[in-house]
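Comments concern the structure below.
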Amino acid sequence: MAIEQTFSILKPDATRRNLTGKINAKFEEAGLRIVAQKRIWMSRQHAKTFYAVHAARPFYNDLVDFMVSGPVVVQVLEGENAIALNREIMGATNPANAAPGTIRKEFAESIEANSVHGSDSAENAAVEIAYFFAGLDIVG
Ligand code: ADP
Ligand code: MG
């Protein structure tokens, strides 16, 4: 295994319920380090571009509306096997299918308002990190 970086978002349902600390505690307890972080309110254009891979899906417009409905925390997580480990800590997309102890099982409101985003591959992690952070913003 190698040290990796992955991209994470604490979604508007998490900021609205003041859960950013509780969620980030899960990442830190599992050994991931937050090496870049900022709280932003995404523009509709940024959200559309970020989720462009889902543009043909029936939930795309609702997803974009949700992602711009409040502030989010965008962050870079670093650690051994960080991309897969982050996905494991997050749990399944649909909280109904998420394993006990995962963020989505404990905190998600619905399949859409599921509290966190995490990159699904090394390629996407690199693209997503670069979309929100400059190299100098990342402090390991
Ligand atoms: P993940 O976030 O687990 O990688 P996807 O990439 O498939 O999941 O979907 C991106 C986001 O779109 C999900 O996290 C969720 O917010 C939303 N989403 C996915 N599937 C649905 C669905 N069937 N209905 C509503 N929203 C969905
Ligand atoms: Mg995804």
Using just the helices of the chain, give the 222 nm mean residue ellipticity in deg cm²/dmol: DSSP H runs with n ≥ 4 each add -39,500 (n - 2.57), and the total is spread over all residues, rounded to 500. -10500 deg cm²/dmol
What spacing in nm lies between the two simple spin-label points modelled at Ala25 and Ser110, each 7 Å away from Cα in the Cβ direction? 2.8
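So if R0 is 25 Å, what FRET efficiency would Leu136 and Val53 give, r being the distance between their Cβ atoms, rounded to the nearest 0.05?
Values: r = 28 Å, r/R0 = 1.10.
Result of the calculation: an efficiency of 0.35.
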Can you pull the accessible area of Glu109 for me, 1.4 Å probe, Å² to the nearest 10? 90
Computed FRET value (nearest 0.05) for Glu123 with Asn61, which takes r as the C-beta separation and R₀ as 30 Å: 0.70
What is the set of long-range amide H partners of Met42 at a cut-off below 5 Å, with H atoms built 1.01 Å from backbone N? Val72
Taking H placed 1.01 Å from N in the peptide plane, check which residues at least 5 places from Val116 or on another chain put their amide H under 5 Å from its amide H. Lys11
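Set the Förster radius R0 to 25 Å, insert the Cβ-Cβ distance between His46 and Asn94 as r into 1/(1 + (r/R0)^6), and round the FRET efficiency to 0.05. Display every interim value, and only then the final one.
Details: r = 25 Å, r/R0 = 1.00.
So, using R0 = 25 Å, E works out to roughly 0.50.
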By the C-alpha gyration tensor axes a ≥ b ≥ c (rounded if a/c is under 1.5, else prolate when a/b exceeds b/c, else oblate), the shape of segment 47-103 is prolate
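Starting from the Cα gyration tensor of segment 60-140, take the square roots of the eigenvalues, sort them a ≥ b ≥ c, and report rounded, prolate or oblate (rounded when a/c is under 1.5, otherwise prolate if a/b is larger than b/c, else oblate).
Numbers: a/c = 2.09, a/b = 1.28, b/c = 1.63.
Oblate.
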Can you classify the chain as rounded, prolate or oblate using the Cα gyration tensor, where a ≥ b ≥ c are the square roots of its eigenvalues, rounded means a/c under 1.5, and otherwise it's prolate if a/b beats b/c and oblate if not? rounded
Specify which residue in the list Ile34, Thr49, Ile23 is farthest towards the positive end of the charge dipole of segment 1-111, using unit charges on the beta carbon of Lys, Arg (+1) and Asp, Glu (-1), about the Cα centre. Thr49
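The values are calculated or read from the model by the stated rules, or taken from the named source; none is laboratory data. Fair warning: this is a prediction, and the values are worked out from it, not measured in the lab. We place every Cβ from the backbone using ideal geometry, glycine too, and count neighbours over all the protein chains shown. Note: areas computed on protein heavy atoms with side chains; ligands, DNA, RNA excluded. Shrake-Rupley method; radii C 1.70, N 1.55, O 1.52, S 1.80 Å.
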